[in-house]
Amino acid sequence: MAIQIVVFSDVRLYRQGVSGLLAADGRLEVVARAATLEAARELIRSHAPAAALVSVADRRGLRRVKMLARCFPDLRLIAIGVPDEESFILACAEAGVAGYVCLDSSVEELVSSVERALAGELSCSRRIAGALLERVGRLARQRPPEARGFRLTSREVQIVRLVDEGLTNKEIASRLHIELSTVKNHVHNILEKVGAQTRGEAAARARPYLEALGPASGP
């Protein structure tokens, strides 16, 4: 049984051309063609296709992909007509596509991309695979500590900010009007949460987390 798909492009010749080529191939069945984002949404809801082919030749196409990905998180979106540029292909991945084919791709490559996307796989060159891994690694390193496994209480945030300013435990107790023993307990908890051995190391590790929270408020 052919895989049912929707083709979405604002270029009529593109819609008709892709549909005709796929009809001749037989492995993918185009159940509907959409020229606008609104029409694509309605057709996807009514036909419940396995995948949608979306023309993505520019930033406008990327925005359309993002909108569809938000509306249909379980739908496999395949970007078609993508420029063979590393930065643009990475942008497609970040927009939410499950697969892509470039401007000079064949019908065989298009069908393969859809089939692999439905199987949870990605058809791409080694160069793009390397770029994707590098991008994922970079994003992981940029995540605030909270996303890497720890969360500080509001009081701990106050204290680690003051530690980062260079205040001693005694000075922090005076600033916050709490007991010195309470400050020490909080510092101990902070060290454990961030996996640090010293107050200075804890402050350094928590700094991206504090930056993500924004400026301090209150005393």
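The values are calculated or read from the model by the stated rules, or taken from the named source; none is laboratory data. Owing to the predicted nature of the structure, the values given are computational and were not obtained by experimental measurement. We place every Cβ from the backbone using ideal geometry, glycine too, and count neighbours over all the protein chains shown. Just the protein is used for accessible areas: all its heavy atoms, side chains included, with ligands, DNA and RNA removed. Shrake-Rupley method; radii C 1.70, N 1.55, O 1.52, S 1.80 Å.
Side notes on the structure shown:
- Here Tyr209 meets the list (1) in contact (Cβ under 8 Å) with a residue 60 or more places away in the chain; (2) open to solvent by 50 Å² or more (accessible area, probe 1.4 Å) almost entirely, failing just condition (2).
- Checked against (1) closer than 18 Å to Val7 by Cβ; (2) touching a residue at least 40 places away in the same chain (Cβ under 8 Å); (3) of a type outside the set (Gly, Ala, Ser), Leu90 passes all but a single condition, namely (1).
- Count - residues of the range 126-163 that are modelled with pLDDT under 70, surrounded by 12 or more Cβ atoms within 10 Å (Cβ to Cβ) and of a type in the set (Lys, Arg): 2
- Meets criteria (out of contact with any strand residue (DSSP E or B) (no Cβ under 7 Å at 6 or more places or on another chain), open to solvent by 90 Å² or more (accessible area, probe 1.4 Å) and at pLDDT 85 or above) for Lys193: no
- Evaluation of Leu103 against (1) closer than 20 Å to Gly20 by Cβ; (2) free of Cβ contacts under 8 Å to residues at least 60 places away in the same chain; (3) open to solvent by less than 20 Å² (accessible area, probe 1.4 Å); (4) not small (Gly, Ala, Ser) (one fails), failing number: (3)
- Just one of (1) assigned to a loop (DSSP other than H, G, I, E, B); (2) closer than 24 Å to Glu121 by Cα fails for Leu90. It is (1).
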